[in-house]
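Here the structure comes first, spelled out in structure tokens, and everything after it is commentary.
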Amino acid sequence: MAEVAVPTREEIVALLQAVLDGTTSRTAAAEWASEVQEEIEELDHDAVEPKMWHLLRLAASLDVKSGDAYLHDEATIRDWIEGRG
Amino acid sequence: MTGSPHSNDRPMVDGDGMRHHDRALVLHPSFKTGPRSVYSGGRSPESRLEEAAGLARAIDLNVIAAEIIRINEPKPATLLGSGGVERLGALIAEQEIAVVVIDAAITPIQQRNLERAWKTKVIDRTGLILEIFGERARTSEGQLQVELAALSYQRSRLVRSWTHLERQRGGFGFLGGPGESQLEIDRRLIDERIIRNKRDLEDVKRTRGLHRKARRRVPYPVVALVGYTNAGKSTLFNRLSGSGVLAADLLFATLDPTMRRITLPDGHEIILSDTVGFISDLPTELVAAFRATLEEVLEADLLLHVRDASHPEAEGQKADVEAVLASLGLGEMLGERMIEVLNKIDRIEPEAREALLEQAKRHPAVAISAISGEGCDQLIAIIEAKLRNTRQPAAYRLAHDQGAATAWLYEHGEVLERRDQEGHSELTVRLSPEDTERFERRFGVAAIHDADEEAKRDHG
Ligand SMILES: Nc1nc2c(ncn2[C@@H]2O[C@H](COP(=O)(O)OP(=O)(O)OP(=O)(O)O)[C@@H](O)[C@H]2O)c(=O)[nH]1
Ligand SMILES: [Mg+2]
């Protein structure tokens, strides 16, 4: 199977932190997570741990809205960072 | 009449002169003959009238009088016979009525003629519901959807009018009737706005990320509350999620879908979704436009059909909701993937209540009061059980060269555990029954054993 650059947990946490800090938009972060997810699906699932997969899917839904607000509020994102996804 | 405060008036959908607090007369035409609505569910004219008055109040109209008008044969020009037009005209003048709501679909000609005869604004049921939706929609997508619905409604109601003819007289007669060309100009203007509106909608959706190659779902089961307007969906949503969305004794209090992630007592996380309420004779324009805001419903793993069990027309409302669900292609959800919730049991007399609880047991349904909390623990237990049933964990052994099957499981299910062995992996995955069947058929594999135990160990 082809190589795929699977992000590490640290990388995803950094991304989430960037969203919290406002240096990355939710949409950009979600797009990135979706693309990575798609690549992994096409290439090599074996490279990803289920828990990481879950975190990636959460990240891909960062920009899902609920009414005027976002479904995942900042406290939730902090939970993910601390491993309480 | 128009002496009401205008400062906080928002423009209404078609912007032609209706104002909050206007004095209104609500009429429910009861036809002796003619087509019966598929959604009418055999309701009494009295309850239909009451609902229409509720709709009028929902946009702050000051309902001065409401009455049922019996119509033997609808008149093409004025709907009512001349006697009726006159009698109501006198009432309208005497009571200084500014808006007449007609709880039916009326033709543009009838609307115009009645407006002239009564010197009031006349609005029909679809127009009224569009007004309400126009006021309530909060998100830009919701607003655009309503606008689109209003535009197509307006387009369908363009009439050739005398003023148009006068304006055009002396024009290019050879290009066809002058009135017609004005009609065509109006139509073109509306079409242009429709095109612009659709483009804006696309933009909004794109920025929301809806158009990603494969749209990403939130990786939790979605439980959506559906039901007739005012049934208590938002009240239940608030109780289950501990949040404070607007719940009010107001028709169509909720228009924009709201979601919350909640953790069930068994540790599972779900997304609870509150949605716009249904109503009988939902304008077709709005059914189409609101499909998008019902997206969470379309993708839900479980529907809670919240019903106002204390309502005299509870059965008719149930039929309406089920008809709308079926028209949205959710007919199959009516079985296993739906829980019927009989709400507001606190409002039911003790004897009737016993009977209802008995009936609920047999039906099966769950009786609750979203206000007092009674029955809510039982409801939660049923949600947990249904979700366990709908998404059973199963284990599959897949060889390392079955990459496509592995990929499919990650895409469609929730992989709970993965054990890599020499030459193959074992995956424990939670899948819906449909997906289980699809997966096993497509890849010709069968589950190796009941994975419930592992799942509990890992996830519970
Ligand atoms: N007595 C009683 N009243 C209730 C109960 N649940 C809701 N209500 C009342 O019913 C009214 C409508 O409640 P909502 O929760 O706004 O209803 P909804 O289904 O969200 O309505 P829409 O958003 O308009 O579709 C409010 O006045 C609530 O207080 C209940 O269990 N018992
Ligand atoms: Mg509501």
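The values are calculated or read from the model by the stated rules, or taken from the named source; none is laboratory data. Because the structure is predicted, anything quoted here is derived from the model rather than measured. For neighbour counting, all protein chains shown are included, and Cβ atoms are generated from backbone atoms with ideal geometry for every residue, glycine included. Just the protein is used for accessible areas: all its heavy atoms, side chains included, with ligands, DNA and RNA removed. Shrake-Rupley method; radii C 1.70, N 1.55, O 1.52, S 1.80 Å.
Distance between Cα centroids, region B:367-414 to region A:5-24: provide it in whole Å.
29
With a Förster radius of 56 Å, plug the Cβ-Cβ distance of B:VAL445 and B:ARG347 into 1/(1 + (r/R0)^6) and report the FRET value to the nearest 0.05.
Computed FRET efficiency for B:VAL445 and B:ARG347: 0.60.
For B:THR263 and B:ARG206, calculate 0.36 nm times their separation in residues minus their Cα-Cα distance, and state this gained length in nm to one decimal.
Working it through step by step, the gained length comes to 17.5 nm.
Ignore the peptide's own chain and count Cβ atoms of other chains within 10 Å of each Cβ in A:63-76; give me the average, rounded.
Counting other chains' Cβ atoms within 10 Å and averaging over A:63-76 gives 5.
Which residues, if any, in region B:371-415 have at least 50 Å² less accessible area in the whole protein complex than in the isolated chain, probe 1.4 Å?
Flagged in region B:371-415: B:TYR410.
Compute for chains B and A the buried accessible surface, both sides summed, probe 1.4 Å, and express it in Å² to the nearest 100.
The summed interface area works out to 2600 Å².
Compute accessible area for region B:253-276 by itself and then with all protein chains, 1.4 Å probe, and report residues whose area falls by 50 Å² or more.
So the qualifying set is B:MET259, B:ARG261.
Can you tell me what the convex hull of the Cα atoms of region B:296-394 projects to on average, as an area in nm²?
For region B:296-394, the mean projected area of the Cα convex hull comes to 7.0 nm².
Can you order the peptides B:347-356, B:68-77, B:22-31, B:314-323 by their average number of other Cβ atoms within 10 Å per residue, highest first?
The packing order, highest mean first, is B:22-31, B:314-323, B:68-77, B:347-356.
Per-residue HN-Hα couplings for region B:122-132, Karplus 6.51 cos²θ - 1.76 cosθ + 1.60 at θ = phi - 60°, whole Hz, x for Gly and Pro?
Each residue's phi maps through the Karplus curve to give 10, 9, 9, 4, 5, x, 5, 5, 4, 4, 4 Hz.
Give me the number: length gained by fully extending B:ALA326 to B:GLU411, i.e. 0.36 nm times residue separation minus the C-alpha to C-alpha distance, one decimal in nm.
Roughly 27.8 nm would be gained on extension.
Extending each Cα 7 Å along its Cβ direction at B:ILE371 and A:ARG9, get the distance between those two points in nm, one decimal.
It works out to 4.9 nm between the two label points.
What whole-number value in Å² describes the accessible area per residue of region B:266-346 for a 1.4 Å probe?
28
Which of the pairs B:LYS32/B:LYS121; A:LYS65/B:LYS386; B:LYS75/B:LYS233; A:LYS51/B:LYS318; A:LYS65/B:LYS233; B:LYS75/B:LYS121 have their Cα atoms more than 30 Å apart in this structure?
Distance filter (> 30 Å) returns B:LYS75/B:LYS233; A:LYS51/B:LYS318.
Treating only the Cβ of Lys, Arg, Asp and Glu as charged (+1, +1, -1, -1), what charge dipole size does region B:281-400 show about its Cα centre? Round to the nearest 20 debye.
Taking the Cα centre of region B:281-400 as origin, the dipole is about 600 debye.
With each label point set 7 Å from Cα along the Cα-Cβ vector, what nm distance links A:ASP73 and B:ASN72?
Taking the simple label geometry, A:ASP73 and B:ASN72 are separated by 6.3 nm.
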